[in-house]
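I have a structure I would like to understand better, so I am pasting it below and will then ask my questions one at a time.
Computed from the coordinates by the stated procedures, all read-outs in this text should not be read as laboratory data. Note that this is a predicted model, so its numbers are computed, not measured. Counting neighbours? That spans all protein chains shown, and the Cβs are built from the backbone with ideal geometry, glycine included.
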């Protein structure tokens with residue numbers, strides 16, 4: 001199991017607009033392809049104008065396959081230009097759970113790679 005953490009720093013004042021666009025359709029397209037949404041957040045204190053979203057995958061290969069499927073979707077290709085101008089900077093990190101990390105349970109029942117995975121085995 002791996003977790004992809006994506007952080008976007010938005011231009012000042014654009015968080016509400018970004019979240020609105022995602023809620024109106026972007027997140028549904030992503031969830032259809034990526035599956036394991038762990039959370040979608042914005043910052044309130046500290047470093048502001050940030051949006052963070054985290055996705056669970058069975059493996060790096062699973063992530064690659066699912067991301068390629070998303071990028072090939074014509075709906076996603078049409079959606080991206082609506083949010084891209086709102087984003088100033090993007091960071092993408094792959095998080096690998098420690099052996100003692102608690103299992104990940106997806107809150108909405110989405111599956112990860114055809115199953116709800118609770119593996120903390122870093123070799124998968």
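Test of understanding: what is the full-extension gain from residue 84 to residue 24, defined as 0.36 nm times their sequence separation minus their Cα-Cα distance? Don't skip to the answer; put the middle values down first.
Working: separation 60, 0.36 × 60 = 21.60 nm, distance 1.55 nm.
Length difference between fully extended and current span is 20.1 nm.
Ok, one more. What nm distance separates the two modelled labels at residue 32 and residue 45, each placed 7 Å from Cα along Cα→Cβ?
Label-label distance for residue 32 and residue 45, simple model: 3.9 nm.
Okay, next question. Work out how far the C-alpha atoms of the stretch 3-97 reach from end to end along every principal axis, then list the three figures in whole Å, largest first.
36, 33, 18
Relative to the present Cα-Cα distance, how much length would full extension add between residue 59 and residue 16 at 0.36 nm per residue of separation?
Numbers: separation 43, 0.36 × 43 = 15.48 nm, distance 3.25 nm.
Additional length available on full extension: 12.2 nm.
For the ranges 84-90, 57-63, 22-28, what's the packing order if you count other beta-carbon atoms within 10 Å of each residue, average per peptide, and put the highest first? Could you put the intermediate results ahead of the total?
Working: 84-90: 11.9, 57-63: 18.0, 22-28: 14.6.
Most protected by this proxy first, the peptides run 57-63, 22-28, 84-90.
Sticking with this one: Among 44, 30, which comes first, second and so on when ranked by fewest other beta-carbon atoms within 10 Å? Each step should come with its number before you reach the end.
Values: 44 8, 30 21.
Fewest-to-most Cβ neighbours within 10 Å comes out as 44, 30.
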